[in-house]
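Below is one structure, written out as structure tokens; comments come after it.
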Amino acid sequence: MARDKVILAYSGGLDTSVMVPWIREKYDMDVITFTCDLGQGDDIEKIRQKALKTGAIDAIAVDARNLFVDLFVWPALMAGALYEGKYPLATALGRPLIAKLMVDVAHERGAKAVAHGCTGKGNDQVRFDCTFQTLDPSLKIIAPVREWSMTRPQALEYCAKYNIPVDAKPESPYSIDQNIFGRSCEAGVLEDPWDEPPPDAFAWTVDPVQAPNEPQYLEIEWEQGRPVGLDGQKMDGVPLLEKLNAIGGRHGVGRIDHVENRLVGIKSRELYEAPAAVILHEAHRELETLCLSKEASRFKTYVSQAYADLIYNGLWASAFHQDLFAFVASSQRYVTGVTRVKLHKGKATVVGRKSEFSLYSKKLATYDAGSDYDQTAAQGFIKIHGLGQQTQARRQLLKDGRGFDLPGLLRHQK
């Protein structure tokens, strides 16, 4: 009798390698591994071959970089989604895509279950499980790390028992995850928020002190809120991000030291490197200052926060996300133009912006001759604008000599 199948999110690391025989042994299921290239820099074919050597009946590896950038990274960028104002959500954006592709494979292969290597302390378990449960609630979810209590030495013993190849490199003192939009680093000495991150915690960026003394200028071209070119050259999303990561990293741009609030109720100190994300978010926000009305811009700050929380909390597949993105997409109709960014000693500063849809008018703003602004209209406008405040002051605040009782203001004395 054929055994049921499970699709396992497989990175090729120690834990997921142990999971292949562990799931087969405990659940009596055949394991098909799934490895997804989101630009993390791994050799996914090598990982696929390792999965087969560990006992998987099949191993699938897909290049999903374009899907990731076009359908996950760019929408989050258009929304201005930064969790707690700092984290560009690189890992959080990747999980729902991996989960969606795993559900697709489960349907194709007739699998009854899906599995991942997330711990019970982090956010990723929520992102995987919520997406699985939303897209196909009939699939059983297996999370071995939440079940077992294996230490690293025990895991290595397990590998020896099942002849699982183990990476001979020394164990990193950090827990690291990365994709094309950013790198996260936690654990080890980083668990004390008082300690300065040591140099070996960084991999993508140079120390800003050691960055070039001469600044570098970039011109980023945008169409409807999406970056489409760099320095006059049209570029697709993947090469654009790769180039910005390399250039920004050389200038020490993109280091983020963040004590964040996890969904599970824990405060966690996270170190992020995201040169391209930092550059693009700054450039996009500045282009919006030209192209969005005051009201739209103010309202979008609320949408940006809700959008970031939604991604971070694993609700990418929700109907609420569809509702929010409808506003985001509409708000970006005229966010087309060019931003000029200065990179210098760890900073990405927008020093120029232009758009054919700009709401900025020099003829209205200028103090020089030739202004189109009618200053004589200001007096009447001010009188009407302040009318409500003046009426309240006469009827309430100044009545019977009460005066103002506001911080920083002297009370009116009769």
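The numbers here are math on the coordinates, done by the rules we state, and not lab data. Computed from a predicted structure; not experimentally measured. Virtual Cβ from ideal backbone geometry, glycine too; neighbours counted across all protein chains shown.
Before moving on, here are some points about what is shown:
- Multiplying the residue separation of Asp323 and Ile176 by 0.36 nm and subtracting their alpha-carbon distance yields 49.6 nm.
- With a Förster radius of 25 Å applied to the beta-carbon distance between Ser371 and Ser330, the computed FRET efficiency rounds to 0.15.
- Cα→Cβ-extended label distance, 7 Å offset, between Phe357 and Lys243, nm: 2.4 nm
- Label zone (Asp309, point 7 Å along Cα-to-C-beta; backbone nitrogen cut-off 14 Å) within segment 266-302: 301-302.
- Full extension of the segment from Gln390 to Leu67, taken as 0.36 nm per residue of separation minus the current Cα-Cα distance, would add 110.6 nm.
- Sites Ile382 and Tyr217 - FRET efficiency at Förster radius 56 Å, r taken between beta-carbons, to 0.05: 0.85
- Gained length - Thr349 relative to Glu25, 0.36 nm times residue gap less alpha-carbon distance: 111.1 nm
- Residues Gln233 and Arg298, FRET efficiency given R0 of 35 Å [Cβ-Cβ distance, rounded to 0.05]: 0.50
- Members of Lys53/Lys140; Lys5/Lys100; Lys26/Lys100; Lys294/Lys363 lying beyond 21 Å, as alpha-carbon distances in this model show: Lys53/Lys140; Lys26/Lys100
- When you count the other C-beta atoms within 10 angstrom of each residue and take the mean per peptide, 215-221, 40-46, 113-119 line up highest first as 113-119, 215-221, 40-46.
- Calculated semi-axes √(5λ) of the Cα gyration tensor in Å (choose from (1) 37, 22, 21; (2) 38, 34, 20; (3) 49, 25, 22), label: (3)
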